[in-house]
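Notes for the one structure printed next.
The values are calculated or read from the model by the stated rules, or taken from the named source; none is laboratory data. For clarity, every value in this text was computed on a predicted model and none was experimentally measured. All Cβ positions, glycine included, derive from the backbone under ideal geometry; neighbour counts span all protein chains shown. With ligands, DNA and RNA removed, areas are computed over all heavy atoms of the protein, side chains included. Shrake-Rupley method; radii C 1.70, N 1.55, O 1.52, S 1.80 Å.
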Amino acid sequence: MVRFEKVKLTYDNSGTLALDGVDLKVDEGEFVFLVGPSGSGKTSLMKLITGEVRADSGKVIVNDFDMMRIRRRKLPKMRRTLGVVFQDYRLIENMNVYDNVAFAMRVVGASGRDIRRRVPYVLELVGLEGREKRLPSELSGGEQQRVAIARALVNSPRMIVADEPTGNLDPVRSLELMLLFEKINEMGTTVLVVTHEKELVNAFAKRVVKIEDGHVISDGGEGYFSYE
Amino acid sequence: MIREGFRSIKTHGLMSFATVTIIMACLIIMGSVALLALNIDRLIDDLEDQNEVVAFVDDGLADEEEAKAIGNEILKVNNVSSVEFVSRAQAMENYMSKYDKSLMEGIDETVFRHRFIIKLHNIEMLKETKLALEEVPGVAKVRAHQEYANTFVRIRNIVSGVSLVLMAILVFVSMFIMSNTIKLATFSRREEIAIMKMVGASNGFIRLPFVIEGLVLGILGGGLGFLAQWGLYNLVTGSLMDSLAEGFLSPVQFMDVAPMVLVIYLAIGVLIGVFGGVNAIRNYLKV
Ligand SMILES: Nc1ncnc2c1ncn2[C@@H]1O[C@H](COP(=O)(O)OP(=O)(O)OP(=O)(O)O)[C@@H](O)[C@H]1O
Ligand SMILES: [Mg+2]
C-alpha cells in the first residue's frame, strides 16, 4: 500500500521541482497504472516508494513504513516488502536465469531448502520453465523481463512496482507481460505500473493515475487516458 | 558470499595483482627501514660493548698535573692501547653539553673528577684489565661500558623517527590505493550492488565479499611481502658481509626476527586490505 500526502520533491543538484504536492492512495491488492508525459515525475514517484530519494515535505507511507522518518538501517527491511522491476531488466549478466532469481533470496538470507523450492515455482509462474540454465544474453527481451519479475516476486513482496517494464518490448510481448502482472495481482500482490503506452493501458480496465509537471491531474479514469 | 570475494579477485586479476604489489611494496619499504633501525641498534650495542673504559682519579689528587702523571702508570697496564686525560673542568663541560644546562646551575666542577679515557687492545680481556686498572695508585674507580656511542644513538633515533613517520604515511597511501583499486573493481559490480540493495540486502551482507576480498589481498600482500623482504634482506646483508671486513659488522639474522616480521606484515596487510575494502564500497551503500 502507498499513501502520499502533499508530497514535494526537489533534486538538489538541478533544483528541479520533480513532484509538487502529490496525493496518492494505493490500497492493498490494487492494480494501478501511473501514466504521464516524459519528465512529469513518474520515476521520481517510484524512487520515493523504493526509498532511493527522500521527499522534501509531505507524507510518504509505503507498506506501513514511514518513508519520511525511516532510518537508513531499516531500509533493507522495508525493501523486502517490495518487488521492483525496471525498464532495462537489470539482470546480472554472468549469472544464469535460475541464479539471478535465487540471488535475490540468497541476499536476504533464505535457506538453501527454501530457495530450491521457491525459485522453480516462481519461474514456472512467469513462464520460464526450461530456461533455468540460460544466461540473460541468451534470452529475448520479454524473457529477460520475466526473469526480472520472477526476481521481484521471489521474496513474496506485498507490492510490485514497475517503472516502464514494457518500454523495450514490442506490443505483443508488452501485452503478455501486462497479463502476467494482472495474474500476479489476482494472486494478491498490489501492483503499480508506470507506462507510456496508451494502447496497453486502454486494453485493461484498471485504475489510471495521470501525472503532469509533478501534479496528479486525474485519478480513476479506468481504461482510458490521453494527454495533450 | 565468501565465494563472491574470491570470484571477484579472479575476475579482477590485474587489479588484484596491482593491490597485492602495492601492499608488498609498502611493507618492504617500511620493513627495510625498520630492519635498518634494528641493525643500527645492534651496532650500538656492539659499540657499547667495545667502548672505552673510564678510570676516575682519586679525589685526593686535585691538582691537574699530579693527576695527569698517573696516565703513564695506566699506559703500563697490560692490554691498554691508549690513554687520554680529561680534566674535571672538561668533564663538566662535556656533561653539560649533553644535558639541560639549567639543571646544572650552581654545580661546581669539583663534583666531577679528573679521569682517563682508556682504549683497549682486546675487549675480551676487559674484566682483567679493569681489575688491573683499579690497582693503579691514584685511581679511585674504573667504569667500563659507560661512554655511549652517542652518534649512533642519535642516528638510531632519527632512523626510528623517520621510519615511524614513513610507516604512517605508507599505510595511508596503500590504504588509499587499495581503496581505489577495489573501487575500480566494484565499479563493474555496482549494478549487482544496486540489485542487492533493491531486494533488501543489508549493508553488512553487501560489504562482506569486499571485506573478504580485501582480507585475502591483504594476507597475500603481507605474505609475499614477507618472502620478498627475506630474500632482499639476505641479499643485502650477504653482499655487505662480502665487501666489508668479516666480523666488523654482524647484521641481525633474518631468522631471528622472521616470526615478528611475518606477524606484523600480515597484520598490516589485513588492516590495509579490510579498511580499503570497506572504504571502497562506502559510496555504493549510501542509497
Ligand atoms: N537524478 C536527478 N537529478 C536531477 N534532476 C532529476 C533527476 N531525476 C529526474 N530529474 C528531473 O526531475 C523531473 C522528473 O523526472 P522523472 O524521471 O521523474 O520523470 P519521468 O516521468 O519518469 O520521465 P520519463 O517518462 O522520461 O521517464 C525531470 O525534470 C527530470 O529532469
Ligand atoms: Mg521515468
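Tell me, which residue of region A:82-97 that is more than 8 Å from chain B (Cβ to nearest Cβ) and surrounded by fewer than 20 Cβ atoms within 10 Å (Cβ to Cβ) is nearest to A:VAL147 (Cα to Cα)? Ranking the qualifying residues of region A:82-97, first place goes to A:ASN96. Scanning region A:169-188 for residues that are more than 16 Å from A:GLU199 (Cβ to Cβ) and either touching a Pro at 6+ places or on another chain (Cβ under 6 Å) or of a type in the set (S, T, N, Q) (or both) yields a single hit, A:ASN185.
Only one of the listed residues (A:GLY39, A:GLY21) is more than 12 Å from every other protein chain (Cβ to nearest Cβ), open to solvent by 30 Å² or more (accessible area, probe 1.4 Å) and without any contact (Cβ under 8 Å) to a residue 12 or more places away in the chain. That residue is A:GLY39. Restricted to region A:25-36, and to residues there that are part of a strand (DSSP E or B) and touching a residue at least 60 places away in the same chain (Cβ under 8 Å), the residue that is farthest from ligand 1 (Cβ to nearest atom) is A:PHE31.
Among the residues of region A:37-53, what is the count of those that are more than 12 Å from ligand 1 (Cβ to nearest atom) and in contact with a Gly (Cβ under 8 Å, 6 or more places away or on another chain)? Going through region A:37-53 one residue at a time, the tally reaches 0. Of the residues making up region A:174-198, those that are touching a Leu at 6+ places or on another chain (Cβ under 9 Å) and not in a strand (DSSP E or B) are A:SER174, A:LEU175, A:GLU176, A:LEU177, A:MET178, A:LEU180, A:LYS183, A:ILE184, A:MET187, A:THR189, A:THR195.
Out of curiosity, is A:THR50 within 16 Å of ligand 2 (Cβ to nearest atom) and among the polar types (S, T, N, Q)? Even if it seems obvious, please write down each step before you answer.
Values: within 16 Å of ligand 2 (Cβ to nearest atom): yes; among the polar types (S, T, N, Q): yes.
Yes.
Between A:ARG69, A:ARG106, A:ARG113, A:ARG79, the distinction of being in contact with a Lys or Arg (Cβ under 8 Å, 6 or more places away or on another chain), more than 16 Å from ligand 1 (Cβ to nearest atom) and of a type in the set (D, E, K, R) belongs to A:ARG79 only.
The residue list B:ILE193, B:ILE212 contains one member that is modelled with pLDDT of 75 or more, more than 7 Å from every other protein chain (Cβ to nearest Cβ) and farther than 25 Å from A:GLU52 by Cα, which is B:ILE212. If you go through region A:54-66 and keep only what is in contact with a helix residue (DSSP H, G or I) (Cβ under 8 Å, 6 or more places away or on another chain) and within 16 Å of ligand 1 (Cβ to nearest atom), you end up with A:ARG54, A:ALA55, A:VAL60.
Taken over region A:165-177, residues that are more than 12 Å from the chain's Cα centre (by Cα) and surrounded by 23 or more Cβ atoms within 10 Å (Cβ to Cβ) amount to 1. Looking at A:SER111, is it within 16 Å of ligand 2 (Cβ to nearest atom), more than 17 Å from the chain's Cα centre (by Cα) and more than 14 Å from every other protein chain (Cβ to nearest Cβ)? Considered against the rule, which asks whether it is within 16 Å of ligand 2 (Cβ to nearest atom), more than 17 Å from the chain's Cα centre (by Cα) and more than 14 Å from every other protein chain (Cβ to nearest Cβ), A:SER111 comes out as no. If you go through region A:72-86 one residue at a time, do you hit one that is hydroxyl-bearing (Ser, Thr, Tyr) and touching a residue at least 60 places away in the same chain (Cβ under 8 Å)? Yes, some residue in region A:72-86 is hydroxyl-bearing (Ser, Thr, Tyr) and touching a residue at least 60 places away in the same chain (Cβ under 8 Å). A:SER174 falls short of the stated requirement of being on the phi > 0 side of the Ramachandran plot, away from ligand 2 (no atom under 16 Å from the Cβ) and either out of contact with any strand residue (DSSP E or B) (no Cβ under 6 Å at 6 or more places or on another chain) or away from chain B (no Cβ under 14 Å) (or both). Within region A:63-108, the only residue that satisfies the criterion of being away from ligand 2 (no atom under 16 Å from the Cβ), in contact with an Asp or Glu (Cβ under 6 Å, 6 or more places away or on another chain) and in a loop (DSSP other than H, G, I, E, B) is A:ILE92.
Picking from residues in region A:9-24 that are more than 16 Å from ligand 2 (Cβ to nearest atom) and in a loop (DSSP other than H, G, I, E, B), the one that is nearest to A:LEU48 (Cα to Cα) is A:ASP12. Filtering A:ALA150, A:ALA162 for residues that are open to solvent by less than 60 Å² (accessible area, probe 1.4 Å), modelled with pLDDT of 95 or more and within 16 Å of ligand 2 (Cβ to nearest atom) leaves a single hit, A:ALA162. For A:PHE65, state whether it is under 29 Å from A:PHE33 (Cα atoms), open to solvent by 20 Å² or more (accessible area, probe 1.4 Å) and within 13 Å of chain B (Cβ to nearest Cβ). In short, yes. Within region A:12-29, being farther than 11 Å from A:ILE61 by Cα and in contact with a helix residue (DSSP H, G or I) (Cβ under 8 Å, 6 or more places away or on another chain) holds for A:ALA18, A:LEU19, A:VAL22, A:GLY29.
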